[in-house]
Amino acid sequence: MDAIKNITTRSSARELIEPHPSAQEMETVFKAALRAPDHAWLKPSRFIQISGNGRNKLSQIFIKTAHELNKELTETQILKYTEAPFRAPMIIILISNYKEHPKVPPIEQIISTGCAGQNILLALNALGYGGMWRTGTFAFNEVISKHLGLEKSAQVIGYIYAGTRTGKNKKIPIHDVKDYVDVWE
């Protein structure tokens, strides 16, 4: 796929089904992720790839985390969190693992992991798969990091759900560049 077309036509998938990318395809996806900008070569980005029965494990972690964050969960919330890992056949957890550095603040390292996430979405699209990035309750908090066994310096910044697109694609909005760009000459 042409690189510019890939960037300008990528959109989040509404629904994702099997098949998900193969191990060989995921090797390519992660190579793309690791090409994200990375000041001082700190390599802050880490990933957890989940599929199959691993989604059951993640479901249990979501429920355990939700109960710690909110002692009065409703049945609807419990069902939502239990089923969340089953929205797609594969999930990639984006983790930013901060490394102390005098010239590279934590936010820059988080942005680097965000760029890695975008590269994952673009690589999935180029390979013919769909993806969607989710955050919500289970991102940017220490409780989920603890239950995932992450280092104290690491935090989840998002979840990329991946698989084969099904159903109707979202309509991609057309943006007028002039509404977003000031040109100084």
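Laboratory data are not the source of any read-out in this text; all were calculated from the coordinates shown. All figures in this text were calculated on a predicted structure; none of them were measured in a lab. Positions of Cβ are backbone-derived with ideal geometry, glycine not excepted, and every protein chain shown enters the neighbour counts.
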Estimated 222 nm signal from helices in the chain, with DSSP H stretches of n ≥ 4 weighted -39500 (n - 2.57), rounded to 500: -11500 deg cm²/dmol
Rounded FRET efficiency, nearest 0.05, which uses the C-beta distance separating W41 from N141 and R0 of 35 Å: 0.80
Proximal lysines to K43, defined as alpha-carbon separation beneath 18 angstrom and excluding residues fewer than eight positions away on the same chain: K31, K99, K103, K152
The chain: DSSP helices with Cα axial extent of at least 20 Å and average Kyte-Doolittle hydropathy no lower than -1.0: 54-69, 106-126
Ellipsoid equivalent to the chain - semi-axes via the Cα gyration tensor, in Å: 27, 23, 17
Most fluctuating residue given options K99, K80, K168, as computed from a GNM of the chain linking Cα atoms under 10 Å: K168
Nearby aspartates and glutamates by direct alpha-carbon distance to K146 (threshold 17 angstrom, same-chain neighbours under 8 apart not counted): E68
Computed over region 3-167: relative contact order in percent, which uses C-alpha pairs under 8 Å that are six or more apart: 38
